[in-house]
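Read-outs: derived from the displayed coordinates by stated rules, not from any lab. Remember, predicted model here, so these are calculated numbers, not experimental data. Cβ: placed from backbone, ideal geometry, glycine included. Neighbour counts: every protein chain shown.
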Amino acid sequence: MTLPNWTREPLVHFLAAGAALFLLFAWIGEEADPASRTITVTKEDRARLALQWEQTMSRAPTDAELDALTEQFVREEVLYREALRLGLDRDDAVVRKRMATKMDYLANSAAETAQPSDEVLQDWLDTHAARFAEDARFSFEQRYFAERSQAEAALASGVSKGEAISLPASLVMQERGRVAGHFGEAFTRSLEAMEPGEDWQGPVASGFGWHLVKLTGRQVGEVPPLDQIRDRVLADWQADTAKARREEGYRILREAYEVEIER
């Protein structure tokens, strides 16, 4: 039997493992105990410690050095579990941020190292040609808002004006590099995904805040062949695919929560 391609996704494996643990603990009637007194250092743990040393020192550790790394690992594990026992992880913004970042990493790490086929990259190049055309140009108007909610309200009510900011309100057939110089790379990528027209679109994020955009024109010049810009196309595919998987992973997890916000 041939399994669907989505079953090979690391994110699916991650979620399936979480569901299996939930069912196991529900069946045996116990919750996972993060403060267990048993610490097992596996062969895989020691191999990972050795690899981290080698990446830093450009040589494999000696037996004595690996033993010292293992003892340091055990020390950190003991202190980590005792910190959890004391509840030191609660209300700590740094710990909270780092754990959220690690969850994001689990979702997108496979995409960051994936090596897609030339067929996939060619399709990506064709779909996002404006990103790779050196002389791509844009014509657009923009209105700035400090908060996303303000931009959304302005879009819903019919855009008239935004907040004051030292950015051009409109540009005509401006080169991609100059647009990115004014508004940033993320903003420029959003322009590439828009369809030109007379409607306001957005909100679009930049390093300054949020913008409503009317894209009135886009000119895409000659795009180099894939074999000349393969590394750029690959990096672009990996970055966007990782981001999409990260957001999809969060969406799936978020649907399992009911959030109440007191105002």
Once the in-chain neighbours fewer than 8 apart are removed, the aspartates and glutamates whose Cα is under 15 Å from LYS214 read GLU141, GLU152, GLU192, GLU195, GLU198, ASP199
Given backbone amide H placed at 1.01 Å from N, residues whose amide H is under 5 Å from that of ARG218, ignoring those fewer than 5 places away on the same chain, are SER139
For the pair GLU71 and ILE165, the simple spin-label estimate (label points 7 Å beyond Cα toward Cβ) gives in nm 5.6
For LYS243, the lysines lying under 18 Å Cα to Cα, once residues fewer than eight places off in the same chain are dropped, come out as LYS97, LYS102
